[in-house]
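The values are calculated or read from the model by the stated rules, or taken from the named source; none is laboratory data. The model shown is predicted, which means the values in this text are computed figures rather than measured ones. As a convention, Cβ positions derive from the backbone with ideal geometry for all residues, glycine included, and neighbour counts pool all protein chains shown. In case anyone asks, the SASA skips ligands and DNA or RNA and just uses the protein heavy atoms, side chains included. Shrake-Rupley method; radii C 1.70, N 1.55, O 1.52, S 1.80 Å.
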Amino acid sequence: MSDTTVRKGLDLSDPKMRSIVLFAAMFVIILIVGYVQGAANTTLLLTQAIAYALIALGLNIQWGYGGLFNFAVMGFMMLGGAATVTLSAPVNPLFWDSEGPILLGKALAMFLVGALVVMAARQSHRIGIKGGWKVALIVLAWFIAYVAYRSQIDPAAAYIESTAGYIGGLGLNPVLGWLIGGVLAAIMAFIIGRISLGLRSDYLAIATIGISEILRAFIKNMDWWTRGTQTVSPMPWPVPLPQQYQADGVSISDSFVFARLGFLALALTILVVVFFFIQRAYGGPWGRMMRSIRDNHIAAGSMGKDIKGRQLELFVMGSVLIGIGGAMLTSFNQIFDPSSYQPINHTFMVWVMVIVGGAGNNLGVLLGTFLIYIAWVVSDPLAQAIFKNLSAWSQSVGWGAIPEIDSRALQMRVFVLGVIITIALRYAPRGLLPEVVQKQK
């Protein structure tokens, strides 16, 4: 083989060669992590990484395809988690044997009546009420609807919390809960998008941050629905649990590996299906239209494209994947704890995955997701080992021990992410695998 051929074979400026080399490097890293941490921890890491990959692909649809700044990732993940609690958590007989369902039904009926009142007020111009009078009527309708709904939901919530704790779930298959999580996120994204997508990109980012915090506060305080800070646990799995393998005589260590491998196979199947469809959509006419809107929405609008409508499509589609990923994580971790959701873990980290991998490139986003999640998980034990060795050395020279090593090591996760995003923006601002746009011949 000539030198020219060798140089061409290792040309990292070629997108295909670059992808092969980087994914090969990622698999080597996974093998090293698996060798050090063992099969049980590696399957845990990979399954969680796949759930985050779904979330990152959802964000890539919104930002990479459409240039939409969505900082409400955490909120949509929580919606997915809350939905899987409602669908798949065990049935609570204390709730169903009480008057709770009737009280909740009354609250739901009042909610629908309130919605109809508001909708009627919005259509008041048809009977000649316009201008300031219409605005005043809409405000009055919202006030009446709010008071009427609270008059029913407050006593219902107090009764349920005092008699049954919370409503519990429906005991259905968790996969159905994941789907409903996606639907719930889509509905919320539609409402948010209709209000916020007319804003400029930076204002949209600020608005979604606020919406995410509202969703977190809302779910965290709905004790009658999600148990709030008391958490819902254990959540069921769609595949056999380790305890079921142990009942069949499998050792404890092997049972965790087998159970997590089953969950991993199911999650990987969903990821492959999702990736296939969004990749096809990206390369088709729909994807080209979305990129034209992203790159020059004024020109696209002058050609008759419905800019806000198309952006709303992207916002809803991306939120569906975020909701499904959030629901999958809740099922896998077997706990829904609203207090555990933090912007740094559930919004910032996903953004880093997309930026480092390459916005607009689905393969790049997958690469970035696995690399960042591995760095996130490994940085804690690695930092602990470094701090403990440094502490032993500092004691040997009389400088004393390093205090609070555990908490310091945990905080190193954020430091590592900060270093990675800084280096990525400096040396690869378009990501490790930048978007490659195929030009029409």
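A few comments on the model shown:
- Only one entry in Gly358, Gly364 is touching a Lys or Arg at 6+ places or on another chain (Cβ under 8 Å) and at pLDDT 90 or above, namely Gly358.
- The stretch 97-110, residues that are touching a residue at least 60 places away in the same chain (Cβ under 8 Å) and part of a helix (DSSP H, G or I): Gly100, Leu104
- Test: residue in the stretch 102-111 that is open to solvent by less than 10 Å² (accessible area, probe 1.4 Å) and touching a Gly at 6+ places or on another chain (Cβ under 9 Å): no
- Here the helices (runs of 4 or more DSSP H) wholly within the stretch 129-238 that include at least 3 residues being open to solvent by 60 Å² or more (accessible area, probe 1.4 Å) are 131-163, 174-196, 201-221.
- Of all residues in the stretch 192-212, those that are farther than 15 Å from Gln62 by Cβ have Cβ atoms under 9 Å from Cβ atoms of residues that are at pLDDT below 85 and of a type in the set (Gly, Ala, Ser), 6 or more apart or on another chain, in Tyr203/Ser196.
- Applying the set (1) among the hydrophobic types (A, V, I, L, M, F, W, C); (2) within 23 Å of Pro155 (Cβ to Cβ); (3) free of Cβ contacts under 8 Å to residues at least 24 places away in the same chain to Ala121 leaves exactly one unmet item: (2).
- Any hit, the stretch 271-284, residues being over 22 Å from Leu57 (Cα atoms) and not in a helix (DSSP H, G or I): no
- If you filter the stretch 343-388 down to residues that are out of contact with any helix residue (DSSP H, G or I) (no Cβ under 6 Å at 6 or more places or on another chain) and of a type in the set (Phe, Trp, Tyr), you find that the one that is least open to solvent (accessible area, probe 1.4 Å) is Trp351.
- Any chance Ala115 is of a type in the set (A, V, I, L, M, F, W, C) and either modelled with pLDDT of 95 or more or farther than 30 Å from Ala164 by Cβ (or both): no
- Answer residue from the stretch 292-320, given it is open to solvent by less than 20 Å² (accessible area, probe 1.4 Å) and out of contact with any Ser or Thr (no Cβ under 9 Å at 6 or more places or on another chain) and is farthest from Val272 (Cα to Cα) among those: Ile293
- Hey, Ile129 at negative phi, of a type in the set (Val, Ile, Thr) and modelled with pLDDT under 90 or not: yes
- Test: Ile55 is open to solvent by less than 10 Å² (accessible area, probe 1.4 Å), at pLDDT 95 or above and farther than 22 Å from Arg150 by Cβ: yes
- Any chance Leu425 is within 30 Å of Gly283 (Cα to Cα) and in contact with a Ser or Thr (Cβ under 9 Å, 6 or more places away or on another chain): no
- Test result for Leu268, open to solvent by 80 Å² or more (accessible area, probe 1.4 Å), closer than 24 Å to Leu367 by Cβ, in a helix (DSSP H, G or I) and of a type outside the set (Gly, Ala, Ser): yes
- Residue within the stretch 396-411 that is β-branched (Val, Ile, Thr), in contact with a Ser or Thr (Cβ under 6 Å, 6 or more places away or on another chain) and either surrounded by fewer than 11 Cβ atoms within 10 Å (Cβ to Cβ) or in contact (Cβ under 8 Å) with a residue 24 or more places away in the chain (or both) present: no
Results for (1) farther than 23 Å from Pro90 by Cα; (2) touching a residue at least 40 places away in the same chain (Cβ under 8 Å), shown as yes or no for each residue.
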| site | (1), (2) |
| --- | --- |
| Pro236 | no, yes |
| Gln244 | no, no |
| Val257 | yes, yes |
| Ala267 | no, yes |
| Arg280 | yes, no |
| Ile293 | yes, yes |
| His297 | yes, no |
| Ser302 | yes, no |
